[in-house]
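Student: My questions will all concern the structure given below.
The values are calculated or read from the model by the stated rules, or taken from the named source; none is laboratory data. None of these values were measured; they are calculated from a predicted model. Note: ideal-geometry Cβ built from the backbone for every residue, glycine included; neighbour counts use all protein chains shown. Only protein heavy atoms, including side chains, enter the accessible area calculation; ligands, DNA and RNA are left aside. Shrake-Rupley method; radii C 1.70, N 1.55, O 1.52, S 1.80 Å.
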Amino acid sequence: MKDAYGPLLGALARTPLRNWAHELPAQIARGLSLERWGDLPRWQAALARLPALSPGTVDFRDGVRIGSAADASDTERDSLRAALMELHPWRKGPYQLFGLDLDTEWRSDWKWQRLLPHIEDLAGRLVLDVGCGNGYHCWRMHGAGAARVIGLDPSARFVMQFEAIRRYAGSAPVDVLPLGIETLPPELAAFDTVFSMGVLYHRRSPFDHLRELRELLRPGGQLVLETLVIGGGPGQVLVPEGRYAKMANVWFIPTPDTLISWLRKIGFRESAVVDVTPTTTAEQRATDWMRFESLADFLDPENPQRTREGHPAPLRAVFVASA
(Lines give C-alpha, C1' and ligand atoms only; values in the text may rest on other atoms or scores of the structure.)
Protein backbone atom coordinates (compact mmCIF):
# COMPACT_ATOMS: atom_id res chain seq x y z
CA MET A 1 0.00 0.00 0.00
CA LYS A 2 2.70 2.53 0.90
CA ASP A 3 4.14 2.26 -2.62
CA ALA A 4 0.82 3.59 -3.92
CA TYR A 5 1.57 6.95 -2.31
CA GLY A 6 5.03 7.38 -3.84
CA PRO A 7 3.84 9.56 -6.75
CA LEU A 8 1.88 11.76 -4.33
CA LEU A 9 4.85 12.27 -2.01
CA GLY A 10 7.06 13.14 -4.97
CA ALA A 11 4.52 15.61 -6.33
CA LEU A 12 4.00 17.31 -2.95
CA ALA A 13 7.74 17.90 -2.65
CA ARG A 14 7.32 20.47 -5.44
CA THR A 15 4.39 22.32 -3.83
CA PRO A 16 3.69 24.41 -0.72
CA LEU A 17 2.74 21.06 0.89
CA ARG A 18 6.35 19.84 0.92
CA ASN A 19 6.65 20.03 4.73
CA TRP A 20 3.47 18.00 5.20
CA ALA A 21 4.86 15.38 2.80
CA HIS A 22 7.58 14.57 5.36
CA GLU A 23 4.92 13.70 7.96
CA LEU A 24 2.61 11.81 5.63
CA PRO A 25 4.20 8.32 5.63
CA ALA A 26 3.89 8.02 9.41
CA GLN A 27 0.35 9.43 9.35
CA ILE A 28 -0.71 6.96 6.67
CA ALA A 29 0.82 4.06 8.61
CA ARG A 30 -1.16 5.04 11.70
CA GLY A 31 -4.34 5.47 9.66
CA LEU A 32 -4.00 1.97 8.22
CA SER A 33 -2.79 0.19 11.34
CA LEU A 34 -4.10 -3.22 12.36
CA GLU A 35 -4.61 -1.88 15.88
CA ARG A 36 -7.26 0.49 14.55
CA TRP A 37 -8.82 -1.78 11.94
CA GLY A 38 -9.16 -5.47 12.80
CA ASP A 39 -10.78 -6.18 9.41
CA LEU A 40 -7.87 -4.66 7.49
CA PRO A 41 -6.31 -8.04 6.50
CA ARG A 42 -9.65 -9.16 5.03
CA TRP A 43 -10.00 -5.96 3.01
CA GLN A 44 -6.42 -6.23 1.79
CA ALA A 45 -7.05 -9.84 0.79
CA ALA A 46 -10.05 -8.67 -1.24
CA LEU A 47 -7.80 -6.23 -3.10
CA ALA A 48 -5.34 -9.04 -3.78
CA ARG A 49 -8.14 -11.10 -5.34
CA LEU A 50 -9.11 -8.46 -7.88
CA PRO A 51 -8.65 -9.88 -11.37
CA ALA A 52 -5.97 -8.43 -13.63
CA LEU A 53 -7.96 -6.46 -16.19
CA SER A 54 -7.00 -3.73 -18.64
CA PRO A 55 -9.68 -1.19 -19.54
CA GLY A 56 -10.05 -0.10 -23.13
CA THR A 57 -11.58 3.20 -22.03
CA VAL A 58 -11.62 5.30 -18.86
CA ASP A 59 -14.08 8.16 -18.29
CA PHE A 60 -14.14 10.43 -15.25
CA ARG A 61 -15.83 13.38 -16.92
CA ASP A 62 -19.35 12.00 -17.37
CA GLY A 63 -19.19 9.42 -14.59
CA VAL A 64 -16.70 6.94 -13.18
CA ARG A 65 -16.64 4.41 -15.99
CA ILE A 66 -13.70 2.11 -16.39
CA GLY A 67 -13.57 -0.47 -19.15
CA SER A 68 -16.50 -2.12 -20.90
CA ALA A 69 -18.14 -5.53 -20.88
CA ALA A 70 -15.90 -6.47 -23.81
CA ASP A 71 -12.79 -5.99 -21.64
CA ALA A 72 -13.66 -8.84 -19.24
CA SER A 73 -15.07 -12.34 -19.46
CA ASP A 74 -18.10 -13.38 -17.43
CA THR A 75 -15.81 -15.33 -15.12
CA GLU A 76 -13.53 -12.32 -14.60
CA ARG A 77 -16.55 -10.10 -13.97
CA ASP A 78 -17.85 -12.57 -11.36
CA SER A 79 -14.45 -12.53 -9.66
CA LEU A 80 -14.45 -8.73 -9.73
CA ARG A 81 -17.90 -8.57 -8.17
CA ALA A 82 -17.00 -11.06 -5.44
CA ALA A 83 -13.83 -9.16 -4.48
CA LEU A 84 -15.58 -5.78 -4.45
CA MET A 85 -18.46 -7.18 -2.39
CA GLU A 86 -15.94 -8.09 0.33
CA LEU A 87 -15.63 -4.32 0.85
CA HIS A 88 -19.39 -3.85 1.46
CA PRO A 89 -21.07 -1.45 2.20
CA TRP A 90 -20.51 0.84 -0.79
CA ARG A 91 -22.07 4.20 0.02
CA LYS A 92 -20.80 6.70 -2.61
CA GLY A 93 -20.95 6.14 -6.35
CA PRO A 94 -22.13 4.77 -8.75
CA TYR A 95 -19.29 3.07 -10.60
CA GLN A 96 -19.28 1.19 -13.88
CA LEU A 97 -16.42 -1.32 -14.10
CA PHE A 98 -15.98 -3.69 -17.04
CA GLY A 99 -19.72 -4.05 -17.54
CA LEU A 100 -20.40 -4.35 -13.80
CA ASP A 101 -22.79 -1.72 -12.39
CA LEU A 102 -21.81 -0.92 -8.83
CA ASP A 103 -25.07 0.63 -7.60
CA THR A 104 -24.13 2.42 -4.37
CA GLU A 105 -26.40 3.73 -1.60
CA TRP A 106 -26.01 7.35 -2.76
CA ARG A 107 -26.44 8.70 -6.26
CA SER A 108 -23.42 10.90 -5.69
CA ASP A 109 -23.46 11.79 -9.38
CA TRP A 110 -26.67 13.75 -8.77
CA LYS A 111 -24.94 15.88 -6.13
CA TRP A 112 -22.04 16.48 -8.51
CA GLN A 113 -24.39 17.70 -11.22
CA ARG A 114 -26.05 20.10 -8.77
CA LEU A 115 -22.83 21.75 -7.65
CA LEU A 116 -20.78 21.63 -10.87
CA PRO A 117 -22.33 24.75 -12.48
CA HIS A 118 -21.49 26.82 -9.39
CA ILE A 119 -17.83 25.99 -8.73
CA GLU A 120 -14.84 27.72 -10.22
CA ASP A 121 -13.10 25.93 -13.09
CA LEU A 122 -10.98 23.14 -11.61
CA ALA A 123 -8.56 23.02 -14.54
CA GLY A 124 -4.98 22.94 -13.23
CA ARG A 125 -6.04 23.25 -9.58
CA LEU A 126 -4.75 21.57 -6.43
CA VAL A 127 -7.92 20.24 -4.79
CA LEU A 128 -8.72 18.81 -1.36
CA ASP A 129 -11.87 16.77 -0.62
CA VAL A 130 -12.47 16.49 3.14
CA GLY A 131 -14.50 13.48 4.27
CA CYS A 132 -14.46 12.04 0.76
CA GLY A 133 -15.60 8.50 1.56
CA ASN A 134 -14.40 6.11 -1.13
CA GLY A 135 -13.33 8.99 -3.37
CA TYR A 136 -16.14 9.06 -5.93
CA HIS A 137 -16.15 12.84 -6.13
CA CYS A 138 -12.34 12.90 -6.24
CA TRP A 139 -12.50 11.06 -9.56
CA ARG A 140 -15.10 13.53 -10.83
CA MET A 141 -12.88 16.45 -9.78
CA HIS A 142 -10.04 14.89 -11.76
CA GLY A 143 -12.41 14.46 -14.69
CA ALA A 144 -13.20 18.19 -14.45
CA GLY A 145 -9.52 19.01 -14.99
CA ALA A 146 -7.96 19.25 -11.52
CA ALA A 147 -4.18 18.90 -11.63
CA ARG A 148 -4.12 16.88 -8.41
CA VAL A 149 -6.85 15.75 -6.04
CA ILE A 150 -6.27 14.67 -2.43
CA GLY A 151 -9.15 13.11 -0.52
CA LEU A 152 -9.24 12.63 3.24
CA ASP A 153 -11.29 9.99 5.02
CA PRO A 154 -10.37 8.26 8.29
CA SER A 155 -12.27 5.06 7.36
CA ALA A 156 -9.82 2.39 6.19
CA ARG A 157 -12.68 0.50 4.52
CA PHE A 158 -13.42 3.48 2.28
CA VAL A 159 -9.71 3.86 1.51
CA MET A 160 -9.65 0.20 0.44
CA GLN A 161 -12.66 0.83 -1.80
CA PHE A 162 -10.79 3.71 -3.41
CA GLU A 163 -7.73 1.50 -3.93
CA ALA A 164 -9.92 -1.09 -5.65
CA ILE A 165 -11.06 1.52 -8.16
CA ARG A 166 -7.54 2.91 -8.52
CA ARG A 167 -6.31 -0.56 -9.46
CA TYR A 168 -7.94 -0.04 -12.86
CA ALA A 169 -7.78 3.76 -13.19
CA GLY A 170 -4.21 4.14 -14.40
CA SER A 171 -1.81 6.77 -13.09
CA ALA A 172 -4.36 9.50 -12.42
CA PRO A 173 -3.15 12.16 -9.91
CA VAL A 174 -5.82 11.22 -7.35
CA ASP A 175 -5.23 9.91 -3.82
CA VAL A 176 -7.39 9.16 -0.80
CA LEU A 177 -5.56 9.26 2.53
CA PRO A 178 -6.72 7.50 5.74
CA LEU A 179 -6.71 10.78 7.65
CA GLY A 180 -9.02 13.39 9.14
CA ILE A 181 -8.69 17.12 8.58
CA GLU A 182 -7.17 17.55 12.04
CA THR A 183 -3.99 15.75 10.88
CA LEU A 184 -3.08 18.49 8.41
CA PRO A 185 -0.65 21.16 9.59
CA PRO A 186 -2.40 24.43 10.51
CA GLU A 187 -2.49 27.42 8.18
CA LEU A 188 -1.30 25.57 5.09
CA ALA A 189 -2.89 28.13 2.74
CA ALA A 190 -2.06 25.85 -0.19
CA PHE A 191 -5.17 24.46 -1.89
CA ASP A 192 -6.93 26.19 -4.76
CA THR A 193 -10.26 24.51 -3.98
CA VAL A 194 -11.42 22.72 -0.83
CA PHE A 195 -14.57 20.61 -0.73
CA SER A 196 -16.35 19.65 2.50
CA MET A 197 -19.47 17.65 1.71
CA GLY A 198 -21.56 15.89 4.33
CA VAL A 199 -19.13 16.73 7.14
CA LEU A 200 -20.15 19.95 8.92
CA TYR A 201 -23.13 18.50 10.82
CA HIS A 202 -20.90 15.74 12.21
CA ARG A 203 -18.53 18.25 13.83
CA ARG A 204 -18.99 19.22 17.47
CA SER A 205 -17.72 22.70 16.63
CA PRO A 206 -18.85 23.95 13.22
CA PHE A 207 -16.80 27.12 13.67
CA ASP A 208 -13.60 25.14 14.19
CA HIS A 209 -14.33 23.13 11.03
CA LEU A 210 -14.95 26.27 8.99
CA ARG A 211 -11.75 27.83 10.34
CA GLU A 212 -9.77 24.70 9.43
CA LEU A 213 -11.18 24.81 5.91
CA ARG A 214 -10.30 28.47 5.47
CA GLU A 215 -6.73 27.95 6.68
CA LEU A 216 -6.22 25.22 4.07
CA LEU A 217 -7.10 27.55 1.18
CA ARG A 218 -4.69 29.90 -0.53
CA PRO A 219 -5.84 33.54 -0.59
CA GLY A 220 -8.66 33.73 -3.11
CA GLY A 221 -9.19 29.95 -3.14
CA GLN A 222 -12.71 28.56 -3.20
CA LEU A 223 -14.60 26.62 -0.55
CA VAL A 224 -17.38 24.29 -1.71
CA LEU A 225 -19.45 23.26 1.30
CA GLU A 226 -22.40 20.86 1.26
CA THR A 227 -24.34 20.11 4.42
CA LEU A 228 -27.73 19.52 6.01
CA VAL A 229 -29.83 22.64 6.58
CA ILE A 230 -33.29 23.43 7.92
CA GLY A 231 -35.84 25.93 6.73
CA GLY A 232 -36.03 29.25 8.54
CA GLY A 233 -34.29 32.57 8.88
CA PRO A 234 -31.10 34.11 10.26
CA GLY A 235 -29.91 32.85 13.63
CA GLN A 236 -31.94 29.65 13.60
CA VAL A 237 -30.23 26.30 14.08
CA LEU A 238 -31.36 22.80 15.03
CA VAL A 239 -29.32 21.08 17.74
CA PRO A 240 -30.98 17.64 17.89
CA GLU A 241 -31.33 16.12 21.32
CA GLY A 242 -30.46 12.48 20.84
CA ARG A 243 -30.41 11.22 17.27
CA TYR A 244 -31.22 12.77 13.92
CA ALA A 245 -32.43 10.32 11.24
CA LYS A 246 -31.02 7.57 13.49
CA MET A 247 -27.57 9.22 13.46
CA ALA A 248 -26.08 9.88 16.87
CA ASN A 249 -23.29 12.18 15.63
CA VAL A 250 -25.34 15.10 14.31
CA TRP A 251 -24.63 18.29 16.23
CA PHE A 252 -25.69 21.47 14.39
CA ILE A 253 -28.06 21.92 11.43
CA PRO A 254 -28.39 25.64 10.59
CA THR A 255 -30.64 27.49 8.19
CA PRO A 256 -28.91 28.70 5.00
CA ASP A 257 -28.92 32.30 6.28
CA THR A 258 -27.34 31.19 9.55
CA LEU A 259 -24.57 29.30 7.81
CA ILE A 260 -23.86 32.29 5.55
CA SER A 261 -23.39 34.38 8.69
CA TRP A 262 -21.04 31.73 10.13
CA LEU A 263 -18.94 31.81 6.96
CA ARG A 264 -18.69 35.60 7.15
CA LYS A 265 -17.74 35.46 10.82
CA ILE A 266 -14.86 33.09 10.02
CA GLY A 267 -13.63 35.51 7.34
CA PHE A 268 -14.90 33.99 4.10
CA ARG A 269 -15.89 36.40 1.33
CA GLU A 270 -18.53 36.20 -1.38
CA SER A 271 -20.44 33.50 0.50
CA ALA A 272 -23.54 32.23 -1.25
CA VAL A 273 -25.97 29.35 -1.13
CA VAL A 274 -26.27 27.99 -4.66
CA ASP A 275 -28.51 24.96 -4.24
CA VAL A 276 -31.05 23.62 -1.73
CA THR A 277 -32.46 20.16 -2.44
CA PRO A 278 -34.49 17.73 -0.31
CA THR A 279 -32.93 14.27 -0.11
CA THR A 280 -35.24 11.65 -1.60
CA THR A 281 -35.35 7.87 -1.46
CA ALA A 282 -34.36 7.87 -5.13
CA GLU A 283 -31.04 9.54 -4.25
CA GLN A 284 -30.28 7.61 -1.04
CA ARG A 285 -31.48 4.03 -0.72
CA ALA A 286 -30.49 0.47 0.11
CA THR A 287 -29.11 -1.58 -2.80
CA ASP A 288 -27.33 -4.90 -3.30
CA TRP A 289 -24.11 -2.98 -2.66
CA MET A 290 -25.37 -1.37 0.59
CA ARG A 291 -27.77 -3.75 2.31
CA PHE A 292 -28.20 -1.90 5.61
CA GLU A 293 -30.84 0.66 6.57
CA SER A 294 -31.05 3.79 4.42
CA LEU A 295 -33.18 6.92 4.09
CA ALA A 296 -36.57 5.15 3.91
CA ASP A 297 -35.83 3.65 7.33
CA PHE A 298 -34.84 7.02 8.79
CA LEU A 299 -38.10 8.82 7.95
CA ASP A 300 -41.43 8.77 9.78
CA PRO A 301 -43.54 6.24 7.82
CA GLU A 302 -46.66 8.31 8.56
CA ASN A 303 -45.08 11.62 7.57
CA PRO A 304 -41.99 11.44 5.33
CA GLN A 305 -41.46 15.19 5.82
CA ARG A 306 -40.16 14.26 9.28
CA THR A 307 -37.45 11.96 10.56
CA ARG A 308 -38.24 9.08 12.92
CA GLU A 309 -37.43 11.45 15.79
CA GLY A 310 -39.80 14.16 14.54
CA HIS A 311 -37.16 16.51 13.10
CA PRO A 312 -37.44 18.06 9.63
CA ALA A 313 -36.51 15.53 6.93
CA PRO A 314 -33.05 15.87 5.35
CA LEU A 315 -32.60 19.02 3.29
CA ARG A 316 -29.14 19.56 1.80
CA ALA A 317 -27.59 22.81 0.58
CA VAL A 318 -24.45 23.72 -1.35
CA PHE A 319 -22.51 26.87 -0.40
CA VAL A 320 -19.56 28.49 -2.12
CA ALA A 321 -17.23 31.09 -0.60
CA SER A 322 -13.80 32.65 -1.19
CA ALA A 323 -10.91 32.66 1.28
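Student: Averaged per residue, what accessible area in Å² does the range 247-323 show with a 1.4 Å probe, protein chains only?
Tutor: Per residue, the range 247-323 has 48 Å² of solvent-accessible surface.
Student: Where only protein heavy atoms count, and the probe is 1.4 Å, what is the accessible area per residue for the range 1-78 in Å²? The partial results should precede the final answer.
Tutor: Working: 4660 Å² over 78 residues.
Roughly 60 Å² per residue, with all protein chains present.
Student: Now for a different question. At a 1.4 Å probe, what is the % contribution of carbon and sulfur to the accessible area of the range 1-124?
Tutor: Carbon and sulfur atoms account for 51 percent of the accessible area of the range 1-124.
Student: Once the dipole of the range 38-145 is set up with Lys and Arg at +1 and Asp and Glu at -1 on Cβ about the Cα centre, which of PRO41, TRP110, VAL130 lies farthest towards its positive end?
Tutor: Going by the Cα projections, it comes out as VAL130.
Student: Also: Around ARG243, under 10 Å between beta carbons, what's the net of Lys plus Arg minus Asp minus Glu among the other residues?
Tutor: Counting the neighbours of ARG243, the net charge comes to 0.
Student: Between ARG308 and GLU120, what is the spin-label point distance in nm, taking each point 7 Å from the Cα along the Cα→C-beta axis?
Tutor: About 4.2 nm, to one decimal.
Student: Would you mind counting up the charge near ALA48? Only other residues with Cβ under 15 Å from its Cβ, with Lys and Arg at +1 and Asp and Glu at -1.
Tutor: Its environment carries a net charge of 0.
Student: Indicate, rounded to the nearest 5 percent, the antiparallel portion of the DSSP beta bridges found entirely in the chain.
Tutor: Numbers: 28 of 49 bridges.
Once the DSSP bridges in the chain are tallied, antiparallel ones form about 55 percent.
Student: Build a GNM of the chain with springs between Cα atoms under 10 Å: which of PRO278, PRO51, PRO41 gets the top mean-square fluctuation?
Tutor: Of the options given, PRO41 has the highest mean-square fluctuation.
Student: Right, here's the next one. Stretched out fully, how many nm does the piece from ARG204 to TYR5 gain, at 0.36 nm a residue minus the Cα gap?
Tutor: Details: separation 199, 0.36 × 199 = 71.64 nm, distance 3.11 nm.
Stretched out fully, the ARG204 to TYR5 stretch lengthens by 68.5 nm.
Student: Filter the trypsin sites (Lys or Arg not before Pro) in the range 1-75 down to the DSSP loop ones having no more than 16 other Cβ atoms within 10 Å, then list what survives.
Tutor: Filter output for the range 1-75: ARG14, ARG36, ARG49, ARG61.
Student: While we're on this one: How far, in nm, would the chain grow between LEU34 and ARG218 when pulled straight, counting 0.36 nm per residue and subtracting the alpha carbon separation?
Tutor: Details: separation 184, 0.36 × 184 = 66.24 nm, distance 3.55 nm.
Between LEU34 and ARG218, full extension yields 62.7 nm more.
Student: Report in % the part of the accessible area of the range 234-275 that belongs to carbon and sulfur, leaving out ligands and nucleic acids; probe 1.4 Å.
Tutor: The value for the range 234-275 is 52 percent carbon and sulfur by accessible area.
Student: What number comes out for accessible area per residue over the range 126-174 if the probe is 1.4 Å? Units Å², please.
Tutor: On the way: 940 Å² over 49 residues.
Roughly 19 Å² per residue, with all protein chains present.
Student: Sticking with this one: Only loop residues by DSSP count here, and only those with at most 12 other Cβ atoms within 10 Å; note down the chymotrypsin sites (Phe, Trp or Tyr not before Pro) in the range 244-302 that meet that.
Tutor: PHE292
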